[in-house]
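The values are calculated or read from the model by the stated rules, or taken from the named source; none is laboratory data. Keep in mind that this is a model prediction, so the values were computed, not measured. Cβ coordinates were reconstructed from backbone atoms using ideal geometry, including for glycine residues, and neighbour counts include every protein chain displayed. Surface areas here come from the heavy atoms of the whole protein model, side chains and all, with no ligands, DNA or RNA. Shrake-Rupley method; radii C 1.70, N 1.55, O 1.52, S 1.80 Å.
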Amino acid sequence: MHLRSVEIQMPDRAAAAEFLEGPWGLVDVGTRSDTTYLRGTAARHYAIAVTEGPARAVLSATLAGTRAEIDTTWDRVRKAGLKHGPWIDEFDEPGRGAGFHVAGPGGEPYRFVAEREPAPAALPADGARPIQVAHVVFNTLDREAATRVLVDTFGFKLSDRTRVMNFLRCDDLHHVVAYADSKQATLNHIAFEMRDTDAVMRGMGRLKDAGYPSVWGPGRHGPGNNTFAYFVAPFGACVEYTA
């Protein structure tokens, strides 16, 4: 299982998609109804989806896996009594996956999907473009409770912790989800993986030229040992380049 994508809702979908395709460096793979899909260079259907809506919101952080993995998680979610939606036989999106939505203890929206269509081929290696979504971080009132749900019900493992954050993984990345202590349950940031530190620096230059200087970085984190640069996107979310 892996973190495939993040789905967001924005009042001005076109402007958000323009930023993500333009200075951010993703590739537009089409619009269906009121949703635009964008991918990185990895062999994934898409990395982020932007849906037109009345208010800014995170609709889901999507974990993709085999049908057996998703079925197992579905059974665990129902037994745990977590708030969840119905099983959906086919999502109208690239990959045509089947699966379900479920809320974490702080209301953070997750979705588990088993894709029917094979992933598209990887795009040519490009040091200037993001590869894939790397992780999503949620602010939470109770990170230990949130961590227990991911470990006990979703099957994640705790990779690391600091005084204020817990880092969790479901594949070979150091973390794909993290929780940060906060007085309000909100999105903290969405991170996109770059090829290497040089690519992070190149991305910083491109964003600065487009009028979006970094708000933190460049630097290197302790947990994960990853280089980073953070930016505030014009649609209000904090986004990160990482390697």
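Out of the residues in the range 1-24 that are farther than 18 Å from PHE231 by Cβ and not in a loop (DSSP other than H, G, I, E, B), which is farthest from the chain's Cα centre (by Cα)?
In this case the residue turns out to be ALA14.
Assuming LYS79 fulfils every condition listed in (1) touching a Gly at 6+ places or on another chain (Cβ under 7 Å); (2) open to solvent by 70 Å² or more (accessible area, probe 1.4 Å) apart from one, which condition is it?
Every listed condition holds for LYS79 apart from (1).
Provide a single number: the residues in the range 1-33 that are within 19 Å of GLY203 (Cβ to Cβ) and open to solvent by 20 Å² or more (accessible area, probe 1.4 Å). Please lay out each step first, then the result.
Taking the range 1-33 first, the residues within 19 Å of GLY203 (Cβ to Cβ) are 6, 16-28.
Narrowing further to those that are open to solvent by 20 Å² or more (accessible area, probe 1.4 Å): 18, 21-23, 27-28.
Result for the range 1-33: 6.
Answer yes if at least one residue in the range 117-138 is outside any strand (DSSP E or B), touching a Gly at 6+ places or on another chain (Cβ under 7 Å) and surrounded by fewer than 17 Cβ atoms within 10 Å (Cβ to Cβ), and no otherwise. Before you say what the answer is, go through the steps one by one.
Step one: list which residues in the range 117-138 are outside any strand (DSSP E or B), which gives 117-131.
Next, only the ones that are touching a Gly at 6+ places or on another chain (Cβ under 7 Å) stay: 117, 128-131.
Going one step further and asking which of them are surrounded by fewer than 17 Cβ atoms within 10 Å (Cβ to Cβ), we end up with 117, 128.
Yes.
Which pairs do you get when a residue that is charged (D, E, K, R), found in the range 112-126, comes within reach of a residue that is open to solvent by 60 Å² or more (accessible area, probe 1.4 Å) and in a loop (DSSP other than H, G, I, E, B), reach meaning Cβ atoms under 6 angstrom, with the pair 6+ apart or on two chains?
ARG116/ARG96; GLU117/ARG96
Need pairs with beta-carbon distance below 7 Å; first residue open to solvent by 10 Å² or more (accessible area, probe 1.4 Å) and part of a loop (DSSP other than H, G, I, E, B) and within the range 34-47, second modelled with pLDDT of 95 or more and among the polar types (S, T, N, Q); sequence gap 6+ or separate chains.
Matching pairs, first to second residue: ASP34/THR51; ALA42/GLN132; ARG44/GLN132.
Among the numbered conditions (1) open to solvent by 30 Å² or more (accessible area, probe 1.4 Å); (2) in contact (Cβ under 8 Å) with a residue 24 or more places away in the chain, tell me where ILE190 comes up short.
The failed condition is (1).
May I ask you to list the residues in the range 231-243 that are closer than 24 Å to LEU158 by Cβ and in contact with a Ser or Thr (Cβ under 9 Å, 6 or more places away or on another chain)?
THR242, ALA243
Hey, among the residues in the range 139-166 that are without any contact (Cβ under 8 Å) to a residue 60 or more places away in the chain and in contact with a Cys (Cβ under 8 Å, 6 or more places away or on another chain), which one's surrounded by the fewest Cβ atoms within 10 Å (Cβ to Cβ)?
Ranking the candidates gives LYS157 first.
Which condition from (1) in contact (Cβ under 8 Å) with a residue 12 or more places away in the chain; (2) outside any loop (DSSP other than H, G, I, E, B) is the one that PRO54 breaks?
It fails just one condition, (2).
Within the range 193-242, track down each residue that is open to solvent by 40 Å² or more (accessible area, probe 1.4 Å), at pLDDT 95 or above and under 18 Å from the mean Cα position of the chain (by Cα).
Within the range 193-242, GLU193, ARG195, VAL232 meet the criteria.
With the condition being touching a helix residue (DSSP H, G or I) at 6+ places or on another chain (Cβ under 9 Å), I'd like the strands (runs of 3 or more DSSP E) fully within the range 159-243 carrying at least 3 qualifying residues. Step through it out loud before you land on a result.
Working: elements: 165-169, 177-181, 186-193, 216-220, 227-232, 238-242.
Here the list reads 165-169, 177-181, 216-220, 227-232, 238-242.
Can you confirm whether THR73 is among the β-branched types (Val, Ile, Thr), surrounded by 15 or more Cβ atoms within 10 Å (Cβ to Cβ) and either assigned to a helix (DSSP H, G or I) or on the phi > 0 side of the Ramachandran plot (or both)?
Working: among the β-branched types (Val, Ile, Thr): yes; surrounded by 15 or more Cβ atoms within 10 Å (Cβ to Cβ): yes; either assigned to a helix (DSSP H, G or I) or on the phi > 0 side of the Ramachandran plot (or both): yes.
So THR73 fits the description; yes.
Which number in (1) hydrophobic (A, V, I, L, M, F, W, C); (2) open to solvent by 50 Å² or more (accessible area, probe 1.4 Å); (3) touching a Ser or Thr at 6+ places or on another chain (Cβ under 9 Å) marks the one condition that ALA68 misses?
Failed condition: (3).
Could you please give the count of residues in the range 89-114 that are open to solvent by less than 60 Å² (accessible area, probe 1.4 Å), assigned to a loop (DSSP other than H, G, I, E, B) and farther than 14 Å from LEU38 by Cα?
Step one: of the range 89-114, the residues open to solvent by less than 60 Å² (accessible area, probe 1.4 Å) are 91, 93-95, 97-100, 102-104, 106-114.
Still in the list and also assigned to a loop (DSSP other than H, G, I, E, B): 91, 93-95, 97, 104, 106-108.
Restricting the remaining residues to those that are farther than 14 Å from LEU38 by Cα gives 91, 97, 104, 106-108.
Count: 6.
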